[in-house]
1. Any residue at all in the range 73-92 that is touching a Lys or Arg at 6+ places or on another chain (Cβ under 8 Å) and more than 25 Å from Leu138 (Cβ to Cβ)?
2. Just checking, does the range 25-35 include any residue being assigned to a loop (DSSP other than H, G, I, E, B) and hydroxyl-bearing (Ser, Thr, Tyr)?
3. Which residue is surrounded by the fewest Cβ atoms within 10 Å (Cβ to Cβ), if the candidates are limited to the range 46-57 and must be more than 24 Å from Leu139 (Cα to Cα) and out of contact with any Ser or Thr (no Cβ under 8 Å at 6 or more places or on another chain)?
4. Would you point out which residue out of Ser219, Ser177 is touching a Gly at 6+ places or on another chain (Cβ under 8 Å) and over 18 Å from Leu139 (Cα atoms)?
5. Could you run through the range 106-143 and say how many residues are more than 11 Å from the chain's Cα centre (by Cα) and of a type in the set (A, V, I, L, M, F, W, C)?
6. Please count how many residues of the range 95-111 are under 16 Å from Ala75 (Cβ atoms) and either in a helix (DSSP H, G or I) or in contact (Cβ under 8 Å) with a residue 24 or more places away in the chain (or both).
7. For the range 58-95, how many residues meet the condition of being among the hydrophobic types (A, V, I, L, M, F, W, C), surrounded by fewer than 20 Cβ atoms within 10 Å (Cβ to Cβ) and in contact with an Asp or Glu (Cβ under 7 Å, 6 or more places away or on another chain)?
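The values are calculated or read from the model by the stated rules, or taken from the named source; none is laboratory data. Computed from a predicted model, the values in this text were never measured in an experiment. Cβ atoms come from the backbone with ideal geometry, glycine included; neighbour counts cover every protein chain shown.
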Amino acid sequence: MGCISSKNSDSKASRISRWRSTGIVALRDSKLKTFPDEILDLDRSVRTLDLTHNRIVDIPVDISKLINMQRLVVADNLIERLPINLGKLQSLKVMNLDGNRITSLPDELGQLVRLERLSISGNLLTSLPETIGSLRNLLILNLSNNKLKFLPESVGSCFSLEELQANDNDIEDLPPSVCNLIHLKSLCLDNNHVKQIPLNLLKECKALQSIALHGNPISMDQFQQMEGFQEFEARRRKKFDKQIDSNVMISSKGLDEGVDL
């Protein structure tokens with residue numbers, strides 16, 4: 001028994017040493033039910049933390065010790081809420097929270113000013129904090145498969161945003177501020193309740209190359225009549241090198257296949 005205990009101890013020590021030297025903590029599919037305390041003891045050493053596909057319910061408040069962490073991936077767990085001091089992770093650039101049970105995001109999210117990619121699809125969000133507008137370096141925002149009914153006006157302050165995914169929600173319209181997203185290239189709103197999009201969207205968002213509005217009560221005629229449609233269409237054609245086939249895009253439910261645009 002002593003030998004087995006010693007072997008396990010050596011294995012744990014070796015693992016911690018490896019984490020400390022590489023800065024990468026990867027514990028995917030490890031059947032974890034709680035957040036491992038030994039990770040918190042690494043504090044400044046952790047650069048990447050991947051706890052995907054476990055059964056973790058809570059992220060401890062002490063995660064704020066990992067102040068040099070740049071990537072946090074805790075997808076496919078049972079997490080219901082985030083600690084309010086999450087904003088202390090000032091080095092964070094990537095955060096993936098997909099496939100959990102999160103119902104709301106703390107206001108402190110806005111303190112993650114270096115964040116470039118935020119993915120929180122497949123959760124139970126009904127709204128977003130206004131502070132999300134403070135994420136000025138955010139490039140990709142994935143909010144798909146939640147219960148969102150609207151996006152906050154402040155999302156228009158995420159000036160660097162290039163890709164916004166909000167498929168499979170309950171969104172009825174977009175705030176006019178999305179027209180401020182001059183770097184936006186892709187807007188995905190499949191399977192929502194969108195009846196119209198801001199009138200100046202195509203005119204102001206001059207980088208926009210694709211829009212997905214399948215399964216929304218918006219007609220192709222509405223879309224084509226928007227100012228800036230021709231310029232948008234030229235960008236879309238340049239990207240995909242194909243013609244719009246209106247017979248494919250229009251279904252009995254309205255805009256369907258194409259403004260995959």
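1. Scanning the range 73-92, I find at least one residue that is touching a Lys or Arg at 6+ places or on another chain (Cβ under 8 Å) and more than 25 Å from Leu138 (Cβ to Cβ), so the answer is yes.
2. We begin by selecting, within the range 25-35, every residue assigned to a loop (DSSP other than H, G, I, E, B); these are 27-35.
Next, only the ones that are hydroxyl-bearing (Ser, Thr, Tyr) stay: 30, 34.
The answer is yes; a qualifying residue exists.
3. The initial filter retains those residues of the range 46-57 that are more than 24 Å from Leu139 (Cα to Cα), namely 53-57.
Filter once more, keeping what is out of contact with any Ser or Thr (no Cβ under 8 Å at 6 or more places or on another chain): 53, 55.
Numbers: His53: 17, Arg55: 13.
It comes out as Arg55.
4. Numbers: Ser177 fails: over 18 Å from Leu139 (Cα atoms).
So the residue among Ser219, Ser177 that is touching a Gly at 6+ places or on another chain (Cβ under 8 Å) and over 18 Å from Leu139 (Cα atoms) is Ser219.
5. Within the range 106-143, residues that are more than 11 Å from the chain's Cα centre (by Cα) and of a type in the set (A, V, I, L, M, F, W, C) number 8.
6. Going residue by residue through the range 95-111, those that are under 16 Å from Ala75 (Cβ atoms) are 95-102, 105.
Checking the rest, the ones that are also either in a helix (DSSP H, G or I) or in contact (Cβ under 8 Å) with a residue 24 or more places away in the chain (or both) come to 95-100, 105.
Count: 7.
7. Total meeting the criteria: 3.
A quick yes/no check of all residues on (1) among the aromatic types (Phe, Trp, Tyr); (2) closer than 30 Å to Glu227 by Cβ:
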site: Gly99; (1), (2): no, no
site: Pro129; (1), (2): no, no
site: Leu141; (1), (2): no, yes
site: Lys149; (1), (2): no, yes
site: Phe159; (1), (2): yes, yes
site: Ala166; (1), (2): no, yes
site: Leu181; (1), (2): no, yes
